[in-house]
Amino acid sequence: MTLGFAASFAPKATGGEKPRLVLQITVDQLRGDLIDRYGAHIGEGGFRYLLQNGVSFTNAHHRHANTETIVGHTTLSTGTDPAIHGMVANLWFDRKSGTPFYNVQDAEYPLVGAAGIDAANEIDPTQRAATTDGRSPRNIISSTLSDEIALHFGPASKVFGVSVKDRGAIAMAGHAGQAYWFSKAEGRFVTSTFYRDAYPDWITNWDAQGKVASYAHQDWTLLRDADLYSFGDRDDQPWETALPSFGRTFPHNWGPADSKYFTTFLTLSPAGDEITVDFAKALMSAEQVGADDVTDYLSVSLSSTDYVGHIFGPSSLEAEDNIAHLDRSIADLLAHVESAVGLDNTLIILSADHGAPEHPEYLETLGIEAGLFDFQRVDTEPGFVRLQLDFGASSDLIQNFSNPYLYLNQELISEKGLDPAVVEQAVAEELRKLPGIAYATGSSALRAGSFPRTKITDAVLANFHSERSGDIYVVFEPHWFVADFDGLTVASAHGSPWTYDTHVPLIFVGPGILPHTIVRRVETVDVAPTVAAYLGTKHPSGAIGEPLPEAMKQ
């Protein structure tokens, strides 16, 4: 039964009218079971409102193999696989420059009035690897749902994307919208010259209100009494990451505003989502989002669940409390939408870009075999030493490993007159012998289709882009992952085709959509086509998914 706060928000059918607002909420690393697992902590206006008033697909999955942030976000926004939209990984290796390539980097579009990444203090290794501070959506090959909304409804339609992460905002705002993301180096939301040349006054005013600085010297504390949490008696698990001065037990202090890690600590806690929602509310008010009868689009990507999951793991007191805070942040956002637009006039989509694995030590307490993989040791394994000698190489046959791709030294292979397909096959065979690796295949085999078709190989193929993917795709055994990222050891690292990484929530709430729970398997490539069908727009240019009939007006 719908109660109180949620009941007053229940959307009503509006005939053939279009919604005034499409609100797409993407929660980074919200594994498909976590809302239910930590459901004792949710209130009336957040997840409960969505579940009681919308259609919930409880068996929704990403179908691609590399379940990373940019890959999942772009799949949700385009309705297609990374093989088509091109975002194959958070980071890939650019053979022309011989350097890593960060997914949304673009030197031609620098940040507006901002310095960019502080590489010395940035703990996200993928952002730290970017070779320019410029950002744009130009590396996304397909059009997005937001692009199609802008095309269909014309210049009066307003399109925005907001997130702590640049990739979380840009992938959803698409090419036709405007994206804003939180710069930890600047302590404020920024954008690039791809979108605009100067900030509007409302952003300057929002900065001046001091929302970010208000967290200085404050603590992340439990929202409820510790004995109400499943992990209330397990606040100090040995596999959690203990960052200096932040620690791995409550309370977690954010420190002074001038600390070099102050803004980083905000993003590693519910504060990151709270700041994002506050900024999104200010944007809605200032830009009059949803204020007229022309359909607008707003994406709000909430990143804290991902950062908390990486540092503490999804089975931790921090992760459990974060879900409670996340529920309040979503309720806060929905309350503002009700006030400014009316939920009767809003189509809401909630999903996630990927799930997350548990730490092996936690799984071992349950008798589940698991492990951590150290890729730095691969080229010293006896089989690889012998293989390199067989090919006349020294120790530089492997040029780069950017999870999940291994890039071979093509210049060396050419110099030695070797057949790339033969080298790929030999390296893949050696990889498959190593403990912790379930599957490895070369790009030549993927191009030729010379491999047995299974759920895993289909997922790998869905992730394959001939120019950006590496020479060999590596799939770790279930419950295995690489935990060391340039010196930062994490408690959880997603990126596999296994169910714990592919399973995400999927909920549609809007006028004419009947509340229901659907248990059959659906895929995230269906999201953009479903919204397009609901609105009557074209599907994004690369879309391969199918509209979900249960999410249509009944």
Exercise for the section: Quick one: net charge around G46, please, counting Lys, Arg +1 and Asp, Glu -1 for every other residue with C-beta under 10 Å from its C-beta. Expected result: -1
Problem - On Cα atoms only, tilt of 271-287 relative to the major axis of the chain in degrees - result: 50 degrees
Problem - Cα-Cα separations in segment 412-554 greater than 24 Å, expressed as whole percent - result: 51 percent
Exercise for the section: Just need the relative contact order of the chain here, percent rounded to a whole number, with Cα pairs under 8 Å and 6+ apart. Expected result: 29 percent
Fill in the blank from the handout: accessible surface per residue for segment 361-494, probe 1.4 Å, DNA/RNA/ligands not counted, whole Å² -> 48 Å²
Exercise for the section: From the P(r) of segment 460-532, can you give the percent of Cα pairs sitting at distances over 18 Å? Expected result: 62 percent
Practice task
Starting from one equal scatterer on each C-alpha and no solvent at all, send me the Debye-based log10 I(q)/I(0) for the chain at q = 0.08, 0.09 Å⁻¹, two decimals.
Solution key: -0.50, -0.64
Fill in the blank from the handout: Length gained, K260-Q410, 0.36 nm per residue minus C-alpha separation, equals 50.0 nm
Practice task
Compute the distribution of all C-alpha to C-alpha distances in segment 496-554, in bins of 10 Å from 0, and list the percent of pairs in each, rounded to whole numbers.
Solution key: 21, 50, 26, 4
Handout entry: Carbon + sulfur, % of accessible area of segment 183-246 - ligands and nucleic acids excluded, 1.4 Å
Key = 45 percent
Problem - Farthest toward positive dipole pole in the chain [+1 Lys/Arg, -1 Asp/Glu at C-beta], among H479, N403, N463 - result: N463
Exercise for the section: Per DSSP H run of at least 4 residues, take -39500 (n - 2.57); add these up for the chain, divide by its residues and hand me the 222 nm value, nearest 500 deg cm²/dmol. Expected result: -8500 deg cm²/dmol
Completion exercise
If every Lys and Arg gets +1 and every Asp and Glu gets -1 at its Cβ, then about the Cα centre the chain yields a dipole, in debye to the nearest 20, of 1200 debye
Exercise for the section: Would you be so kind as to identify which of L268, G495, A370 lies farthest towards the positive end of the dipole of the chain, taking Lys and Arg as +1 and Asp and Glu as -1 on Cβ and the Cα centre as origin? Expected result: G495
Exercise for the section: Return the long-range amide H neighbours of F93 (sequence gap of 5 or more, or a different chain), with a cut-off of under 5 Å between placed amide H atoms. Expected result: F101
Handout entry: Under DSSP loop assignment and at most 16 Cβ neighbours within 10 Å, longest GluC sites (Glu not before Pro)-free interval of the chain
Key = 109-368
Problem - Cross-link pairs beyond the 27 Å C-alpha cut-off, checked among K158/K553; K96/K538; K158/K260; K96/K416 - result: K96/K538; K158/K260
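The values are calculated or read from the model by the stated rules, or taken from the named source; none is laboratory data. Since this is a predicted model, take the numbers as computed values, not measurements. Because the Cβ atoms are built from the backbone with ideal geometry, glycine has one as well, and the counts that use them run over all protein chains shown. These accessible areas exclude ligands, DNA and RNA; they are computed on the full protein's heavy atoms, side chains included. Shrake-Rupley method; radii C 1.70, N 1.55, O 1.52, S 1.80 Å.
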